[in-house]
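Colleague: Mind having a look at this structure? Questions to follow.
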Amino acid sequence: MAQSPIVRPAHRGRATARPRRVRWQRLVGRVATHAALIVIAGFAIIPLLWAISTAFKPDGEIMTSQAFLPRAPTIEHFRVVLNQTAFARWFTNSLLVALGTTTLAIVVGSLAGYAMSRFRFWGRATYGNMLLVVQMFPGVMLAIPMYLLLTRYGLIDTLWALLVTYLTFALAFSIWMLKGYFDNIPREIEEAALIDGASRLDILWRITLPLAAPGITTVAVNAFLLAWNEFFFAYIFLASNENYTLSLGMYSFIQQFTTQWGNIMAAGTLTTLPVLVFFFVLQRALTRGLVAGATK
Amino acid sequence: MQQGWSVGEAPRPDAVRRHLRKEGLAYWLILPSLVFLLVITFYPLAVGLAEAFQYHNRVQPWATHFNGLENFVQAFSDHDVLLSLRTSAILVVGIVGLSYLLGLVGGLLLNQNLRTRGIYRALILVPWVVPPVVSLISWQWMLNDQMGIINRTLLALGLIQKNVLWLADPSLAVLSVVVVGTWFRFPFMTITVLAALSAIPDDLSEAAAIDGASPPQILRYVTLPLILPVSIVATLLQAIWTFNDFGLPFVLTGGGPANATTPLILLAYKEAFRRPNIGYGTALAVIAMVLMLILGAIYLRLQARQQLYEQ
């Protein structure tokens, strides 16, 4: 360091003392940051961890033990849930509704999103705002009349009723999200293909959609989660046990098993498993979707 | 194409034809979504609005008749409704306020150069992906007064002498719903605050630091004002979602004890399906909807202004 010898003596005392204090302060800051984050993250995952822990404990241990790890882990509760309840049936129902919702949300959403992005049709702004406002309706405002209508048309207690309802709720997000992605794809690419004689729909299908792949993933994740996790409309629409989705089945368990927490938590663990896998594989898409709501 | 219309047809103005030629495909593209929206949202909405002005009880369907504003007049003098509005307000303010605070702390902590940031972020997102019914039942189990882990731990630590009735005591039940609601809502706040924070260029706070601002001063005068627009929009959205949340009180407490945790949404459901007073329940839902539309209008306003500001 080319410092002038005159300044050096004055500077020296601080130069040796200060970095040490700064380093120490930084260390304390780091430890405090991690401690605080561990507390927050712990708060976030404790209900899930405790559910999984309970699921693997034998009944006696559930009543007496506060330990997180089961002393004598058992899969008895899972066996009860899979063999003595309609869990497998509910799982299939949930999967059908969720996959149907996801597929349709992508197809219907990309068509409308493309229109919103590339065309200046009449009522475009109104349509976009209408989609957003619909999201803010309280579910109960739609659920009561829908219950009356579905009963009248004989569609109550069917998975179809749930599918179209979830699709409609997923549409606003799908359309706005995909519009945003389409906006960022240069029109020049499409115009080149247009000159080559491709049709508009061809272009959307072959060129624009593949380029908007991250947007499609986000839309898919959002639609799947919405359908898989939804409870209220399933509770209103579905009546017979064989038509239940997983959320509704879980809820019926608290009535059926009342204090058999091991069985209830085993079912909860199995219900959560698919979304957790989904979550860790597609975490970035999830986060994108989450942020889009407030910042886009 | 240009000579496509024959003599009998009224020739449309040029502008319409040009518009349709250029943008016509768009109407076909939005058609499927429009059909779903009309059938699944607007048709039921119209039916619901009509119901709200009727006396309609499913136990005596023959007595159904138009009764004007009677349902609404009744609602505003109904003790249960006023109580539920108060509960809704407490839940919204408590949950949104706490989850924003926690999200702000979490966002600020995560906005540092941490190697383990991805792990923390993933864990904090867990409440958002776990099916709500599952986490609500798990909370119910943890809050159970006889065998729940919370009471047992507090007893073991000597912090309480006898079991606390987390879900059976009216005011503690409200507190429990607020805490569990915060647990549901804070991941969104954290991620949103984090996104807003990482959009702030580093040189701003560096410049403030060079000018001699202390870290709290930088937070107060640089960081917070910059994330304010996003914070307001996120808070508003969360307020709407929290107000509309049916599962939280329904699964956790069933609205009890003695209606202490029954917000307006849950009361509307109970009136319509348990009483089963469809007309009155729908009228309560209409009141809820009007309240949300006001918040929604503010949201759209702010959102539009924010986009303007970003450009």
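What follows is calculated from the coordinates using simple rules that are stated; it is not laboratory data. Everything quoted here is computed from the prediction, not taken from an experiment. Note that we place each Cβ from the backbone using ideal geometry, even for glycine, and neighbour counts take in every protein chain shown.
Colleague: Work out how much length B:ALA199 to B:VAL290 would gain on full extension: take 0.36 nm times their residue separation and subtract the Cα-Cα distance, in nm to one decimal.
Modeller: Full extension of this stretch gives 29.3 nm more.
Colleague: Also, I was wondering about something else. What FRET efficiency, computed as 1/(1 + (r/R0)^6) with R0 = 41 Å and r the Cβ-Cβ distance, is obtained for A:LEU211 and B:ALA304, rounded to the nearest 0.05?
Modeller: 0.90
Colleague: May I pose another question? Set Lys and Arg Cβ to +1 and Asp and Glu Cβ to -1, take the dipole of chain B about its Cα centre, and tell me which of B:ALA239, B:PHE250, B:VAL222 lies farthest positive.
Modeller: B:PHE250
Colleague: Is the shape of the protein assembly as shown best called rounded, prolate or oblate, per the rule: a/c under 1.5 gives rounded, else a/b larger than b/c gives prolate, else oblate, with a ≥ b ≥ c the square roots of the Cα gyration tensor eigenvalues?
Modeller: oblate
Colleague: Moving to a separate point now. So how do A:242-252, A:43-53, A:278-288 stack up, highest first, on mean other-Cβ count within 10 Å?
Modeller: A:242-252, A:43-53, A:278-288
Colleague: Tell me, in nm to one decimal, what length is gained between B:ARG274 and B:TRP28 on full extension, where the rule is 0.36 nm per residue of separation less the Cα-Cα distance?
Modeller: 84.3 nm
Colleague: Where in the range A:234-267 does the amide nitrogen come within less than 16 Å of the point 7 Å from the Cα of A:ALA86, taken along Cα to Cβ?
Modeller: Under cut-off, by backbone N: A:234-257.
Colleague: Any chance you could check the Cα centroid distance between the range B:224-244 and the range B:53-84 for me, in angstrom?
Modeller: That distance is 34 Å.
Colleague: Show me the ranking of peptides B:202-212, B:243-253 by mean Cβ neighbours inside 10 Å, starting with the highest.
Modeller: Highest-to-lowest ranking by the protection proxy: B:243-253, B:202-212.
Colleague: To the nearest 20 debye, what is the magnitude of the charge dipole of chain B about its Cα centre, counting +1 on the Cβ of each Lys and Arg and -1 on the Cβ of each Asp and Glu?
Modeller: Using only the charged Cβ atoms, the result is roughly 400 debye.
Colleague: Let me ask another. Please find the FRET efficiency linking A:LEU96 to A:MET130, where r is the Cβ-Cβ separation and R0 is fixed at 41 Å, and quote it to the nearest 0.05.
Modeller: Given R0 = 41 Å and the Cβ-Cβ separation, E is 0.90.
Colleague: Given Cβ point charges of +1 (Lys, Arg) and -1 (Asp, Glu) and nothing else, what value in debye, to the nearest 20, does the dipole of the range A:175-221 about its Cα centre take?
Modeller: 180 debye
Colleague: Another one. Assign one of three labels to chain A, namely rounded, prolate or oblate, based on the Cα gyration tensor with a ≥ b ≥ c the square roots of its eigenvalues; rounded applies when a/c is under 1.5, prolate when it is not and a/b is larger than b/c, and oblate otherwise.
Modeller: Judged from the Cα gyration tensor, chain A comes out oblate (a/c at least 1.5, b/c at or above a/b).
Colleague: With springs connecting C-alpha atoms under 10 Å apart, model chain A as a Gaussian network and identify which of A:ARG30, A:ARG124, A:ARG89 has the largest mean-square fluctuation.
Modeller: A:ARG30
Colleague: Starting from the Cα of A:ASP183, step 7 Å along the direction of its Cβ; do the same at B:ILE119; then give the gap between the two resulting points in nm.
Modeller: Calculated label separation equals 3.8 nm.
Colleague: At a threshold of 8 angstrom on Cα-Cα distance, excluding pairs fewer than six apart, so keeping six or more, what relative contact order does chain B reach in percent?
Modeller: Computed over chain B, the figure is 26 percent.
Colleague: Given a 10 angstrom Cα cut-off, can you work out which residue in B:THR282, B:THR242, B:THR116 is the most mobile in a GNM of chain B?
Modeller: B:THR116
Colleague: Right, here's the next one. Using a 10 Å cut-off around each Cβ, can you sort B:MET189, A:MET130, B:MET292 from fewest to most neighbouring Cβ atoms?
Modeller: A:MET130, B:MET292, B:MET189
Colleague: Give me the extension gain from A:PHE68 to A:HIS34: residue separation times 0.36 nm, minus the current Cα-Cα distance, reported in nm with one decimal.
Modeller: 10.0 nm
Colleague: Rank A:VAL219, A:VAL31, A:VAL133 by mean-square fluctuation in a GNM of chain A with C-alpha springs under 10 angstrom and give only the top-ranked residue.
Modeller: Greatest mean-square fluctuation among the candidates belongs to A:VAL31.
Colleague: Rounded to the nearest 0.05, what FRET efficiency is calculated for A:GLU76 and A:ARG23 with R0 set to 56 Å and r the Cβ-Cβ distance?
Modeller: According to the calculation, E is roughly 0.55.
Colleague: Here's a follow-up. For the range B:10-163, with the dipole built from +1 on Lys and Arg beta-carbon atoms and -1 on Asp and Glu ones, taken about the Cα centre, which of B:ASN113, B:ALA15, B:ILE149 lies farthest toward the positive end?
Modeller: B:ASN113
Colleague: What number comes out for the charge environment of B:THR262, summing +1 per Lys or Arg and -1 per Asp or Glu over other residues with Cβ under 15 Å away?
Modeller: After counting each charged neighbour, the total is 0.
Colleague: In the range A:117-233, with Lys and Arg counted as +1 and Asp and Glu as -1 at Cβ, which of these residues, A:LEU150, A:LEU163, A:PRO186, has the Cα nearest the positive end of the dipole, that is, farthest along it?
Modeller: Toward the positive end, the furthest listed residue is A:LEU150.
Colleague: With +1 on the Cβ of every Lys and Arg and -1 on the Cβ of every Asp and Glu, and nothing else charged, how large is the dipole of the protein assembly as shown about its Cα centre, in debye rounded to the nearest 20?
Modeller: 1980 debye
Colleague: Separate question: With the contact rule set at Cα under 8 Å and sequence spacing of 6 or more, what percent relative contact order holds for the range B:53-205?
Modeller: Computed over the range B:53-205, the figure is 29 percent.
Colleague: Below 8 Å, C-alpha to C-alpha, sequence gap of six or more: please give me the relative contact order for chain A in percent.
Modeller: Contact order relative to length: 29 percent.
Colleague: In whole Å, what are the extents of the range A:184-270 along the principal axes defined by its C-alpha atoms, from largest to smallest?
Modeller: 68, 24, 16 Å, listed from the longest principal axis down.
Colleague: Under 1.5 on a/c is rounded, so check that first for chain B, then, if it is not, pick prolate when a/b is larger than b/c and oblate when it is not; a ≥ b ≥ c are the square roots of the alpha carbon gyration tensor eigenvalues.
Modeller: oblate
Colleague: Let me ask something else about it. Which peptide among A:92-105, B:72-85 comes first, and what is the full order, when sorted by highest mean count of other Cβ atoms within 10 Å?
Modeller: A:92-105, B:72-85
Colleague: Calculate I(q)/I(0) for the range A:23-134 by the Debye formula, one identical point scatterer on each C-alpha and no solvent, and give its log10 at q = 0.10, 0.12, 0.20, 0.23 Å⁻¹ to two decimals.
Modeller: -0.73, -0.83, -1.08, -1.21
Colleague: Right, something else. Expressed as a whole percent, how much of the Cα-Cα distance distribution for the range A:20-86 exceeds 20 Å?
Modeller: Here the tail beyond 20 Å accounts for 53 percent of pairs.
Colleague: Only sites in a loop by DSSP and with at most 15 other Cβ atoms within 10 Å count here; which trypsin sites (Lys or Arg not before Pro) in the range B:102-169 make the cut?
Modeller: B:ARG115, B:LYS162
Colleague: Would you mind pulling out the separation of the Cα centroids of the range A:200-264 and the range B:197-221, in Å?
Modeller: 43 Å
Colleague: Further, regarding this structure: Which helices of chain B meet both criteria: a Cα extent of 24 Å or more along the helical axis and a mean Kyte-Doolittle score no lower than -1.0, with helices taken as whole DSSP H segments?
Modeller: Once both thresholds are applied, what remains is B:14-37, B:79-110, B:170-198, B:224-244, B:278-310.
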